[in-house]
1. Using a basic spin-label model with each label point 7 Å from the Cα along Cα→Cβ, how many nm lie between residue 3 and residue 44?
2. Relative contact order (percent) for the range 36-97, with alpha-carbon contacts under 8 angstrom and 6 or more residues of separation?
3. Would you mind working out the accessible area per residue for the chain, using a 1.4 Å probe, and quoting it in Å²?
4. Where does the chain land at 222 nm, in deg cm²/dmol rounded to the nearest 500, when only DSSP H runs of n ≥ 4 count, each adding -39500 (n - 2.57), divided by all residues?
5. Give the span of the range 1-82's Cα atoms along each principal axis, as three whole-Å numbers ordered largest to smallest.
6. Expressed in nm to one decimal, what extension gain is obtained for the pair residue 25 and residue 98 from 0.36 nm per residue of sequence separation less their Cα-Cα distance?
7. Tell me the carbon and sulfur percent of the accessible area for the chain, rounded to whole percent, probe radius 1.4 Å.
Amino acid sequence: MGDVVQFPQVVREDEIVTVTLEDFFAVVTKQKTLEDIKWEKAHEARIKELTDMGVERLRHLWDNVSDETSFYEGEFGMHDCADIHTALNRLGDGYYCAV
């Protein structure tokens, strides 16, 4: 029992990233980093959260975006105006944001 194989340290779940084959090749070819992929996934989750709110609530968020910070901050959380606009576009109501 002389040779003992040491197992690697425990990997935290937040360190594990599942990627598509396309993302894998983007990382291998140095077009993206794993941090880029994590950010994209988190951003897409934020957009989905907003889209799930529905058009009426998104209009409320849009109407209450701060002119100083370009963020909505209130009872429904804190959201960037660009994300609100993206969610409205995905729901077919992006014209509401048109100037």
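The values are calculated or read from the model by the stated rules, or taken from the named source; none is laboratory data. Being a predicted model, the structure only gives us computed values, none of them experimental. All Cβ positions, glycine included, derive from the backbone under ideal geometry; neighbour counts span all protein chains shown. Side chains included, ligands, DNA and RNA excluded: accessible areas come from the protein's heavy atoms. Shrake-Rupley method; radii C 1.70, N 1.55, O 1.52, S 1.80 Å.
1. Taking the simple label geometry, residue 3 and residue 44 are separated by 4.3 nm.
2. Values: 54 pairs, mean separation 20.5, N = 62.
RCO, the range 36-97: 33 percent.
3. Working: 7850 Å² over 99 residues.
With all protein chains present, the chain gives 79 Å² per residue.
4. Numbers: 4 runs with 47 residues, N = 99.
After summing the helix terms and dividing by the residues of the chain, the value is -14500 deg cm²/dmol.
5. On the principal axes, the range 1-82 reaches 70, 29, 25 Å in Cα extent.
6. 22.5 nm
7. Working: 4330 of 7850 Å².
The value for the chain is 55 percent carbon and sulfur by accessible area.
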